Amino acid sequence: MSDNQFIDHKYDVIIVGAGGAGLRATLGCAESGLKTACISKVFPTRSHTVAAQGGISAALGNMGEDDWRWHMYDTVKGADWLGDQDAIEYLCKNSSEAVYELEHFGVPFSRTEDGKIYQRPFGGMTTNYGEGPAAQRTCAAADRTGHAILHTLYQQSLKNKVKFFIEYVVLDILMSKNGSCAGVLAWCLEDGSLHIFKSHITLMAT
């Protein structure tokens, strides 16, 4: 192939990266009816999120009384008051909704005997702003939470007709004349071909 030969692609949205964040963004765009492509240097279910074991903290209250404000307090304190408190508030306030969303997508969370999502205790989790007993706040799929999330989001993305470009390495971001991002240049590891991906939106999730 000559040095100046490229393969062109056009999409509404390009997502670079297929870990937990990349696949969730990919799925959200596809569900919105956008023509979506995801570029990853490894097979999506081999992205590093697969190594995450512990779980996701959310104040569901399945194992006892809990409140997203207590979750926020623990998170701010755990960050030694150095975290962005607006971001932490948003995270903790919406974490329950995010967990239920993953459950509805098909993530096989561990369950209590009555069928609720089981929640385990982890260090630093308290109730009543540190004055109460330890909280059981972490939702998990046994010890393979990341594995379960990746497989579920990948399956849902395929269901929504996402196009995956696997084992492609992004070399550069393409900029338009007015200075906005217009896509990416990627290299296919399988055959060495160069690909130009043009898009209205480019999301980096690496």
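Read the figures in this text as sums done on the coordinates, not as results from a lab. Predicted model, so just to flag it, every value in this text is computed and none were measured. Here the Cβ positions follow ideal geometry from the backbone for every residue, glycine too, while neighbour counts run over all protein chains shown.
Points worth noting:
- For the chain, the longest principal axis of the Cα atoms and the long axis of helix 145-159 meet at an angle of about 50 degrees.
- P(r) tail, the range 54-143: Cα-Cα pairs separated by more than 16 Å, 51% of all pairs.
- Residue among Thr36, Thr126, Thr112 with the largest mean-square fluctuation in a Gaussian network model of the chain, springs linking Cα atoms under 10 Å: Thr112
- Dipole magnitude (debye, nearest 20) for the chain, charges at Cβ of Lys, Arg, Asp, Glu: 540 debye
- Formal net charge of residues neighbouring Gly146 (Cβ-Cβ distance under 13 Å; K, R +1; D, E -1): +2
- In straight-distance terms, cross-link reach from Lys159 covers every one of the aspartates and glutamates whose alpha-carbon lies under 12 Å from its own, apart from those fewer than eight places away in the same chain; here that gives Glu31.
- Highest GNM mean-square fluctuation among Cys38, Cys188, Cys139, for the chain modelled with Cα contacts below 10 Å: Cys188.
- Anchor Lys93: lysines whose Cα lies under 25 Å away (excluding residues fewer than 8 positions away in-chain): Lys77, Lys116
- Selected from Cys29, Ser47, Phe164, residue furthest toward positive end of dipole (the chain; charges at beta carbon): Phe164
- Rounded to the nearest 10 degrees, the inclination of helix 20-31 to the longest alpha-carbon principal axis of the chain is 70 degrees.
- Once the mean of 1/r is taken over each pair of separate Cα atoms and inverted, the chain shows a Kirkwood hydrodynamic radius of 18.9 Å.
- For the chain, a Gaussian network of Cα nodes joined below 10 Å ranks Glu167, Glu113, Glu103 by mean-square fluctuation, and the top entry is Glu113.
- Set of lysines near Lys161 by C-alpha distance (under 20 Å), chain-local residues within fewer than 8 positions excluded: Lys10, Lys35, Lys41, Lys198
- When the Cα positions of Cys188, Tyr100, Ile15 are compared along the charge dipole of the chain, Cys188 comes out farthest toward the positive end, with charges on each C-beta of Lys, Arg, Asp and Glu.
- Full extension of the chain between Ile7 and Arg111 yields a length gain of 32.7 nm, computed as 0.36 nm times the residue separation minus the alpha carbon distance.
- Taking the centroid of alpha carbons for each part, the range 1-64 and the range 92-150 are 22 Å apart.
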